[in-house]
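Peer 1: Would you mind keeping the following structure in view while I ask a few things?
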Amino acid sequence: MAPGTVQSRFRKSLQAKWLSQVSLALSLKLEIISLDYWIIAFPGRIRLSLRALRHRFLWRLRAPTGPGEIRRTERWLATARVFLAISALVAIWMDPGEVRHSMWAYGLMAFYISQGVIIMLLLRRREQSTPSFRLLVHAADVIWPAVISVFAAGQANPFFLFFVFVLAAAAYRWGLWETVGTAASAVILLWIECFAFQMGLLDWIGRHLAVYHLPPLRIDVSEFEPKRLFMRSIYLLVMGLLLGYLAEQQKKLRAEKAVIARILGKARVDAGLTGTLQEIVAELLRMYGARKAVLASQEAYNRRVFVGEMLSHNNTPSTFRWLDTVASDGETYLYDSPTETCYVSRSGGNGSEHIDLLGLDPEGVRYRTSSSESLDRLVQRHEFRDLIAVSFNFGREWWGRIFLLDLSLTGEIEEELRFLQEMVHQVGPAVYNVYLLRRLRLRAGAVERARFARELHDGAVQSLIAVEMQVDVLRRQSSKSDAGSEAVTSELGRIQGLLREEVLKLRELMQQMKSLDVDSRRLLGFLADTVERFQRETGISARFLTDLYELDMPQPICRELARIVQEGLVNVRKHSRAHQVIVRLGSTSDKWSLVIEDDGRGFPFAGRLSHLELDAVGRGPLVIKERVRLIEGELTVESIPDRGSRLEINVPQKRETIHG
């Protein structure tokens with residue numbers, strides 16, 4: 001084909017291409033106008049699209065690549081580069097017709113092999129691979145296929161693998177958008193070559209080569225016609241998109257595993273349960289850019305709801321702190337829900353607020369509902385734009401939820417929910433081990449305290465009782481002698497009283513140190529024995545009254561009521577100067593009632609105060625108030641100065657424990 005014919009055909013195709021570009025620009029302008037309207041009408045969708053775009057970069061930053069891994073990656077790519085170049089050289093040596101026996105093609109291949117070997121040597125000598133070095137090598141890899149492919153641009157082009165290699169290298173080094181950018185750069189270089197050839201560049205190079213008696217290039221310009229080049233460009237872009245997408249998903253999966261491993265490393269035994277929770281919650285706050293995190297949990301053995309929070313200012317988490325809980329916290333945070341992980345967003349206002357909820361059930365199946373009744377208390381308690389809640393449950397012994405408020409989500413909501421669900425499933429057992437170790441230490445401490453109490457009883461207490469008896473004998477003998485010994489008798493009586501008081505204190509201490517294993521079958525007998533022992537040891541008349549024969553009471557409530565009775569009797573002995581004490585235990589259809597009343601001095605106030613009123617004025621028995629709060633009961637104290645006091649504890653009968 002004559003060069004003039006080729007050039008005329010190219011000019012016609014170029015004019016047609018210009019016309020198509022003008023029409024494309026007009027249609028693009030119309031699309032932009034419609035896009036402006038779409039942005040104004042649907043700003044939420046734009047934000048979601050930008051989040052999805054931002055997501056791919058943030059997930060990569062969550063799992064930074066170390067220098068050693070980068071160096072190994074570059075070594076692998078350098079080895080693949082040399083292997084590919086040698087394979088291409090062998091291919092054209094076996095079938096030289098593909099390059100039309102061009103010496104320039106062989107020379108370029110030899111140069112590329114030398115370049116690959118030099119890069120391998122540099123990587124072995126250098127301690128690390130800098131970003132500028134990697135960018136320079138990648139730029140050379142992008143330019144190389146565009147240069148070498150001019151010698152064999154047909155359908156059986158052996159050099160097309162170099163385009164595949166550079167796209168795979170971009171995907172392996174970085175991700176989606178870098179790979180698409182690499183494909184676009186290769187396409188631009190091919191079109192620049194196309195325009196240069198059609199403008200007569202080959203003729204100019206051929207004349208100069210002939211002047212210096214050098215071999216001709218032997219390039220077929222027909223392979224660079226716009227129609228054929230357009231299809232090749234589509235192939236490259238589609239291949240770049242596919243390779244980049246696959247690499248991005250793989251890097252995202254790797255980043256998720258790295259994040260989970262990093263959070264898993266926060267579960268340390270030496271940090272304790274609170275320290276472990278602080279590290280994990282702080283990591284979640286930083287990861288999602290949340291303003292606030294709330295953790296609510298409950299233990300099966302005491303049914304108390306624990307609530308803690310951590311704030312974040314400028315992506316710097318504060319110290320995790322436990323909050324004072326109220327009776328309604330269980331319904332606020334540990335509400336019943338079919339979802340294990342959910343996303344809640346609020347929109348509207350001024351009486352027209354709308355709450356949208358998207359969640360996943362324990363099997364990871366999507367669950368969407370328009371009902372938000374279970375969130376009413378949470379919405380009233382906290383102000384938030386959106387939140388994510390993820391539940392954890394360990395053997396029905398310890399369960400709860402983590403709430404992240406006002407997040408900066410970086411991807412699709414459902415993907416983030418699945419990641420949090422997976423994170424809880426993998427990190428949860430490590431945290432549960434820390435929790436169990438804490439329980440084990442508490443039990444070991446209880447066993448040690450019980451042993452210490454036995455040692456006190458068998459040692460110090462018995463010795464004090466023996467000394468008290470000896471002092472009593474001396475006092476009696478002294479009282480029978482002459483009148484001059486009255487002072488000695490009085491002093492011996494005082495010493496005897498001190499010894500008796502110390503024995504009572506030690507016994508009370510031993511009772512507090514012992515771990516109570518009291519359930520509903522043993523509670524009535526335990527309270528009767530406690531009251532009887534109190535009367536025997538103090539001489540104060542005490543009675544235990546109840547009309548109950550059987551109890552269906554959870555063990556944590558039994559244990560706390562037993563401790564409350566012990567603490568109340570200790571207070572009576574120390575402070576009330578009472579002569580009579582009555583302990584009553586009863587129940588109605590919806591509550592248990594415990595009453596401790598005496599005829600002593602009473603409290604330093606007159607009247608009847610509820611639990612909240614006692615807290616407001618700073619009065620009442622502190623230990624008993626705390627124990628009543630543990631079992632979500634209500635304390636009422638009635639006091640009449642110099643006539644006695646009455647403590648009434650009412651505990652609601654909850655047939656089921658609240659589970660998250």
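The values are calculated or read from the model by the stated rules, or taken from the named source; none is laboratory data. This is a predicted model, so every value here is computed, not measured. Don't worry about glycine lacking a Cβ; one is built from the backbone with ideal geometry, like all the others, and counts go over all protein chains shown.
Peer 1: Can you find a residue in region 298-307 that is among the polar types (S, T, N, Q), more than 14 Å from the chain's Cα centre (by Cα) and surrounded by 19 or more Cβ atoms within 10 Å (Cβ to Cβ)?
Peer 2: Quick first cut of region 298-307, residues among the polar types (S, T, N, Q) only: 298, 302.
From what's left, more than 14 Å from the chain's Cα centre (by Cα): 298, 302.
Still in the running and surrounded by 19 or more Cβ atoms within 10 Å (Cβ to Cβ): 298.
The answer is yes, given that some residue of region 298-307 is among the polar types (S, T, N, Q), more than 14 Å from the chain's Cα centre (by Cα) and surrounded by 19 or more Cβ atoms within 10 Å (Cβ to Cβ).
Peer 1: Out of the residues in region 266-296 that are among the small types (Gly, Ala, Ser) and under 13 Å from THR319 (Cα atoms), state the one that is surrounded by the fewest Cβ atoms within 10 Å (Cβ to Cβ). So that I can check it myself, show each step before the final result.
Peer 2: The first filter runs over region 266-296 and keeps only residues among the small types (Gly, Ala, Ser), leaving 267, 271-272, 275, 282, 289-290, 293, 296.
Now restrict to residues that are under 13 Å from THR319 (Cα atoms): 275, 282, 293.
On the way: GLY275: 16, ALA282: 19, ALA293: 26.
Filtering region 266-296 for residues that are among the small types (Gly, Ala, Ser) and under 13 Å from THR319 (Cα atoms), the one surrounded by the fewest Cβ atoms within 10 Å (Cβ to Cβ) comes out as GLY275.
Peer 1: I need the full set of residues from region 342-361 which are on the phi > 0 side of the Ramachandran plot and either at pLDDT 85 or above or touching an Asp or Glu at 6+ places or on another chain (Cβ under 6 Å) (or both), in order please.
Peer 2: The answer is none; no residue qualifies.
Peer 1: Further question on the same structure: Taking only region 519-538 into account, find how many residues are under 17 Å from GLU567 (Cβ atoms), among the aliphatic types (A, V, I, L, M) and under 46 Å from the mean Cα position of the chain (by Cα).
Peer 2: 2
Peer 1: OK, next. Tally up the residues in region 382-408 that are closer than 15 Å to GLY308 by Cβ, surrounded by fewer than 18 Cβ atoms within 10 Å (Cβ to Cβ) and touching a helix residue (DSSP H, G or I) at 6+ places or on another chain (Cβ under 8 Å), please.
Peer 2: 0
Peer 1: Find the residue count for region 108-133, including only residues that are touching a Lys or Arg at 6+ places or on another chain (Cβ under 7 Å) and of a type in the set (Ser, Thr, Tyr).
Peer 2: Result for region 108-133: 1.
Peer 1: Quick one: would you say GLU248 is crowded, with 19+ Cβ neighbours inside 10 Å, in a helix (DSSP H, G or I), in contact (Cβ under 8 Å) with a residue 12 or more places away in the chain and assigned by TED's automatic domain parsing to the domain that holds LEU161? So that I can check it myself, show each step before the final result.
Peer 2: On the way: crowded, with 19+ Cβ neighbours inside 10 Å: yes; in a helix (DSSP H, G or I): yes; in contact (Cβ under 8 Å) with a residue 12 or more places away in the chain: yes; assigned by TED's automatic domain parsing to the domain that holds LEU161: yes.
Criteria met by GLU248.
Residue-wise test of (1) exposed (fewer than 13 other Cβ atoms within 10 Å of the Cβ); (2) at pLDDT below 90; (3) outside the structural domain of PRO67 (by TED's automatic domain parsing).
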{"site": "PHE159", "(1), (2), (3)": "no, yes, no"}
{"site": "PHE163", "(1), (2), (3)": "no, yes, no"}
{"site": "TRP174", "(1), (2), (3)": "no, yes, no"}
{"site": "TRP177", "(1), (2), (3)": "no, yes, no"}
{"site": "GLY181", "(1), (2), (3)": "no, no, no"}
{"site": "LEU190", "(1), (2), (3)": "no, yes, no"}
{"site": "TRP204", "(1), (2), (3)": "yes, yes, no"}
{"site": "HIS208", "(1), (2), (3)": "yes, yes, no"}
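Peer 1: Could you figure out which of (1) modelled with pLDDT under 85; (2) in a helix (DSSP H, G or I); (3) in contact with a Lys or Arg (Cβ under 8 Å, 6 or more places away or on another chain) isn't true of PHE534?
Peer 2: (1)
Peer 1: Then there is this: Quick one: which of LEU277, LEU236 is hydrophobic (A, V, I, L, M, F, W, C), at pLDDT 85 or above and outside the structural domain of GLY400 (by TED's automatic domain parsing)? Steps first, answer last, please.
Peer 2: On the way: LEU277 fails: outside the structural domain of GLY400 (by TED's automatic domain parsing).
Selected residue: LEU236, the only one of LEU277, LEU236 that is hydrophobic (A, V, I, L, M, F, W, C), at pLDDT 85 or above and outside the structural domain of GLY400 (by TED's automatic domain parsing).
Peer 1: Restricting to region 555-590, name every residue that is outside any helix (DSSP H, G or I) and buried (at least 20 other Cβ atoms within 10 Å of the Cβ). Please lay out each step first, then the result.
Peer 2: Initially, region 555-590 is screened for residues outside any helix (DSSP H, G or I), giving 577-590.
Those that are outside any helix (DSSP H, G or I) and buried (at least 20 other Cβ atoms within 10 Å of the Cβ): ALA578, VAL581, VAL583, LEU585.
Peer 1: Just to check your reading of the model, which residue among GLU597, GLU613, GLU632 is acidic (Asp, Glu), outside any helix (DSSP H, G or I) and at pLDDT 85 or above? Before you say what the answer is, go through the steps one by one.
Peer 2: Working: GLU613 fails: outside any helix (DSSP H, G or I); GLU632 fails: at pLDDT 85 or above.
Only one candidate passes the filter, namely GLU597.
Peer 1: So which residues in region 321-355 are among the hydrophobic types (A, V, I, L, M, F, W, C) and in a strand (DSSP E or B), if there are any at all?
Peer 2: Passing the criteria: TRP322, LEU323, CYS342, VAL344, ILE355.
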